[in-house]
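Please read the structure below before turning to the comments.
What follows is calculated from the coordinates using simple rules that are stated; it is not laboratory data. Since the structure is predicted, the reported quantities are computational estimates derived from the model, not experimental observations. Positions of Cβ are backbone-derived with ideal geometry, glycine not excepted, and every protein chain shown enters the neighbour counts.
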Amino acid sequence: MINDKAILVGVDGSHASYKATWWAANYAKHAGLTLQIVCAYSLPSYAAVSFDATYTAMGDDNAAHSDAQEILSKAKAIADEQGVEASTLIVTGDPASVFVELSRNYNLIVIGNRGKGGLAERFLGTTSSSLPAYAYCPIVVVPYTNDEGEVMHLNNRITKVAVGIDESKWGIKAMEISAAFANTWGAELDVILALPNVKGLGDDSDVMAAYMEDFTTVVGPLQKSYPDLTINKTIVSDTAINALTKASKDHDVVVVGSRGRGGFTGLIVGSTSQGLIQHAVSPVYVVPRKYVEAEESRAKKLEDISGVKQVEVPTATHEQTSSIESTIDPQREASSHPETR
């Protein structure tokens, strides 16, 4: 059965993954959900790329397992500071493939993006196991730095959400999810329709009026479902990637639909370094095609997935995690935002 009361976050020992843990824990606390933290590794690649914490002899499962426990211990301490008691999982096997299987059991998975390397690099790269293209649940990718290498600050409270839409069923689903998400936070929702190759799209043109009329029809059901939600409609003469990257600069979350091998996936998990996830400065909430198509399908039970083992790890001490906290968000103490720690 799908665990619709839990959020899953992946950690690999990088500060980017610990930042993703902070975001996931903060959201879990706000939404009244539980948090499960998973550390996945496969021994052939473990020594070279899997963990930042330490390196070990290839094939040494005991050492790999020990390092995974240490990583989980630190992540658990970060969740604990947000007031969330998290459970921890260790998974042996190809991380991307395992997460695709795990995605059958959750309504949301959160991973960090540090640019080069780390979970997001492996999941959102050019390999056939890229997570947003094949996941069965939505994925939130939390940025670690901006294009200039500056560590991004995250607010405790979400006040503005943006969503990019199109006429596809996953684009519509992304809009529905963004409305529910924004309503949960009492946030404002900006629905963005990007039309890069439409002539005569001026503010007072008949072309704009026609598009806005259709746009209003599409958005109308959301307002009926969430009468207290502030919904703004914006049509921009630009590509979706440019419009949504710009939106990430003044929105706390940007939501997009993924078509799998086409559409937004070409932008998000393509072979180039350009794309929304690579440049966004706020978390990107991806609604995969498979999630929409398989929403009614029966999920695998967690215990039926090979290599998954629930483990109990002690929570790391504040002394062990204090350097992580100051690294993943240098503005944390300096911020004047009343809602921000």
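Quick notes on this one:
- Potential extension, Tyr211-Glu148 segment - 0.36 nm per residue separation minus Cα distance: 19.0 nm
- Label-point separation, Asn197 to Thr34 (7 Å along Cα→Cβ), nm: 5.0 nm
- Computed from the Cβ-Cβ distance with R0 of 22 Å, the FRET efficiency linking Glu319 to Ser66 stands at 0.65.
- Cα-based reach from Lys246 at 19 Å (exclusive), listing lysines while leaving out same-chain residues under 8 positions away: Lys160, Lys233
- Listed by chain and number, the lysines placed with their C-alpha closer than 30 angstrom to that of Lys309 are Lys5, Lys19, Lys29, Lys74, Lys76, Lys116, Lys290, Lys300, Lys301; residues fewer than eight positions away on the same chain are left out.
- Taking 0.36 nm per residue of separation and subtracting the Cα-Cα distance, full extension of the segment from Thr327 to Thr239 would add 28.3 nm.
- Surrounding net charge for Val91, when Lys and Arg each add one and Asp and Glu each subtract one, Cβ distance under 11 Å: -1
- With each label modelled as a point 7 angstrom along the Cα→C-beta vector, the Ser225-Ala180 pair spans 0.7 nm.
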